[in-house]
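Reviewing the structure listed below.
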Amino acid sequence: MSGTFVGMPAFPEAAREAVANPVLRGNLRHATHTIRAKRAAAVAEVSDWAELREAGRRIKDHTLRRLDRYLVQLEEAVTAAGGNVHWAADADEANRIVTRLVKETGESEVVKVKSMATQEIGLNEALEAEGIRAYETDLAELIVQLGKDRPSHILVPAIHRNRGEIRDIFRAEMGEWGRPAPEGLTDRPAELAEAARLHLREKFLRAKVGISGANFMVAETGTLVVVESEGNGRMCLTLPETLISLVGIEKIVPTWRDLEVFLQTLPRSSTAERMNPYTSMWTGTRDGQAGEGDGPRTFHLVLLDNGRTDTLADEVGRQALRCIRCSACLNVCPVYERAGGHAYGSVYPGPIGAILSPQLRGTGSEIDASLPYASSLCGACYEVCPVAIDIPEVLVHLRERVVEGGPVTRAGNKAVLKPAKGHAAERAAMRAARWALSRPGALRAGQRLASRTRGLHPRTLPGPGRAWSAARDLPTVPAEPFRDWWQRTNGGATEEGTAK
């Protein structure tokens, strides 16, 4: 199991297999429709939702434009509170840093809070290779881990599993990882939750090292924030003596007050809650604060780049870094609903994954080059995004990059991307269209020729166009071009049956 799933086939092939699975489609349809309806109701309760959305967009854009300044401010604040800050340029460096920090404690196991950044870099596999076992404590992540599976949703990683499948996984696998499932376990949600609770309890009480991500980092105070619904995060953040937090550099906000916006929009957009049940905040270490309290005695913050600076250099694509990982775009996407998360070949599935993964990883692989096309461009994702990421705009931008190539930034260096193979016919067609659309006479002649030969038009396109027409009906060419009709009827004023 790979954290990034590189090596998978292109999205169309992976999606074709997923669509053929009726159980998977049923699970996805039920879950996404349920979450979508609850979210809509929760958002409708807020009279100033549009203003909150705009405020979130502005805060994120302001921060990204001044990211260098705020990251330095964050480092100073974390250090002043007793923490240690490490900088990781890529996944390999981040894995080396975290592995070294765990080894320095002398421990061989860690408990983890749900973290997409650690999945992005394949941290669990890197730790395992060094003899360190990582235990996922989020319920859905536990299901994925026990099932030797991959996450398929940002918020609900096991969304592709139903209750019966989860019961079977618990029965078969829990004993290999710790406390076995209770005898006679059924698929009732309460029993499944209790089985997970008993299984994880011993790990919380035994673990000396915790690993987390963060939803937000506050530059002015050095505070990290995790929002969750189960309480497992609170256990991982407060009980271990050493806490290691791996966080993408885009998760920073300038001030404490900025949290006000996101702590309203994130819960409603993700879990459809007015407020998430657990909001855990920590600043430095227990010993770095006045008096005794909860929290780690040693705290390490690993700031992860891994393609984010390259993404920031793209004036159109950088808006993907606003993402607060709410998953609202997945739940309204007709493509995700049918294909599921695994088809995207990334820990970031759905519409946001279709624009984020090709920027973080580049478009060199078959799967990444295909992701910008994993969309109908219906725009539903943009409508629900709480930070107003125009995902359709970025998808079109990335499609142009795949087909035409052009300047990009990779590992901080300027480069020129070559056009992807297999798009020569598309490029030729677009050049022909550009030539015709810039010459009114040629366009008029082409329209008239198309109308006069409409009876000879095929129902499907030949050659490379066959892939397009295999899933779509070709539009019928009208008997008369619009321009000719307009000229003949004086804009409809002299058309038969109309008063003259």
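The values are calculated or read from the model by the stated rules, or taken from the named source; none is laboratory data. All values derive from a computational prediction rather than experimental measurement. Here the Cβ is made from the backbone with ideal geometry for all residues, glycine too, and neighbour counts use every protein chain on show. Note: accessible area is taken over every heavy atom of the protein model, side chains too, but ligands, DNA and RNA are not part of it. Shrake-Rupley method; radii C 1.70, N 1.55, O 1.52, S 1.80 Å.
Keeping every protein chain in place, order M116, M235 by accessible area at 1.4 Å, biggest value first, i.e. largest first.
Descending accessible area places them as M235, M116.
How much accessible area per residue does the stretch 158-310 have, in Å², with a 1.4 Å probe?
Details: 6270 Å² over 153 residues.
Result: 41 Å² of accessible area for each residue.
Might you list the cysteines of the chain that have no disulfide-compatible partner by the rule of another cysteine's Cβ under 4.7 Å?
Cysteines of the chain left without a disulfide-compatible partner: C236, C323, C326, C333, C378, C385.
Report the accessible area of S108, computed with a 1.4 Å probe over the heavy atoms of all protein chains in place, in Å² rounded to the nearest 10.
Rounded to the nearest 10, that gives 70 Å².
In nm, to one decimal, how far is the R466 label point from the K148 one, both placed 7 Å along Cα→Cβ?
According to this spin-label approximation, the distance is 3.9 nm.
Can you give the net charge of the other residues whose Cβ lies under 11 Å from the Cβ of V384, counting K and R as +1 and D and E as -1?
+3
Run the reach check for K418 against aspartates and glutamates, Cα to Cα strictly under 19 Å, same-chain hits fewer than 8 apart removed. What comes back?
D310, D314, E366, D368, E400, E404, E426
To the nearest 20 debye, what is the magnitude of the charge dipole of the stretch 355-500 about its Cα centre, counting +1 on the Cβ of each Lys and Arg and -1 on the Cβ of each Asp and Glu?
Result for the stretch 355-500 is approximately 680 debye, rounded to the nearest 20.
Let me check I've understood the local charge: for R96, count other residues with C-beta under 13 angstrom from its C-beta, Lys and Arg +1, Asp and Glu -1. What total comes out?
Values: positive: R100, K103; negative: D90, D92, E93, E104, E130.
That works out to -3.
For the stretch 324-418, what is the Kirkwood estimate of the hydrodynamic radius, computed as the reciprocal of the mean inverse distance between distinct Cα atoms, to one decimal in Å? Before the final figure, lay out the partial values.
Numbers: mean 1/r = 0.0741 Å⁻¹.
Result for the stretch 324-418, one decimal place: 13.5 Å.
Which translational diffusion coefficient, to the nearest whole µm²/s, is obtained for the stretch 254-363 from the Stokes-Einstein equation, given a Kirkwood hydrodynamic radius over C-alpha pairs, 25 °C and 0.890 mPa s?
Estimated via Stokes-Einstein, D reaches 146 µm²/s.
Taking the stretch 153-271, how much of its Cα-Cα pair set, in percent, is spaced more than 18 angstrom apart?
When all Cα pairs of the stretch 153-271 are counted, 64 percent exceed 18 Å.
Given 4 °C and 1.567 mPa s, compute D for the chain with the Stokes-Einstein relation, Rh being the Kirkwood radius over Cα pairs; round to the nearest whole µm²/s.
Numbers: Rh = 24.9 Å.
Translational D for this selection: 52 µm²/s.
Counting only helical runs of four or more DSSP H residues, what would the 222 nm mean residue ellipticity of the chain come to if each run contributes -39,500 (n - 2.57) and the total is spread over all its residues?
-14500 deg cm²/dmol
Work out the length of the dipole vector of the stretch 137-258 about its Cα centre, built from +1 on the beta-carbon of each Lys and Arg and -1 on the beta-carbon of each Asp and Glu, and round it to the nearest 20 debye. Don't skip to the end; give the middle numbers.
Numbers: 16 positive and 18 negative charges, 31 e Å.
Charge dipole of the stretch 137-258: 140 debye, to the nearest 20.
Among residues other than T476 whose Cβ falls under 15 Å from its Cβ, what is the net charge (Lys/Arg +1, Asp/Glu -1)?
Here the charged neighbours net out to +2.
Could you work out how far apart the two model spin labels at S229 and L443 are, taking each label as a point 7 Å from the Cα in the direction of the beta carbon, and quote it in nm?
Output for this residue pair reads 5.0 nm.
Over the Cα atoms of the stretch 44-195, how large are the radius of gyration and the largest Cα-Cα distance (Dmax), in Å?
For the stretch 44-195, the Cα-based Rg and Dmax read 20.1, 57 Å.
Calculate, for the stretch 406-500, the solvent-accessible area per residue in square angstrom, rolling a 1.4 angstrom probe over the heavy atoms of the protein chains.
Details: 7720 Å² over 95 residues.
With the other protein chains kept in place, the stretch 406-500 gives 81 Å² per residue.
Rounded to a whole number of µm²/s, how large is the Stokes-Einstein D of the stretch 133-200 at 25 °C and 0.890 mPa s, given Rh as the Kirkwood radius over C-alpha pairs?
208 µm²/s
How many percent of the accessible area of the chain is carbon or sulfur, using a 1.4 Å probe?
53 percent
Over the stretch 1-118, give the accessible area per residue in Å² for a 1.4 Å probe, as an integer.
51 Å²
Compute the helix-to-body angle for 49-65: its Cα long axis versus the longest principal axis of the chain, expressed 0 to 90° and rounded to tens.
It is inclined by approximately 80 degrees.
Would you list which aspartates and glutamates come within 13 Å of K114, measuring only between C-alpha atoms, while excluding same-chain residues fewer than 8 positions from it?
Once the sequence-local aspartates and glutamates are set aside, what remains near K114 is E136, D138, E141, E228, E230.
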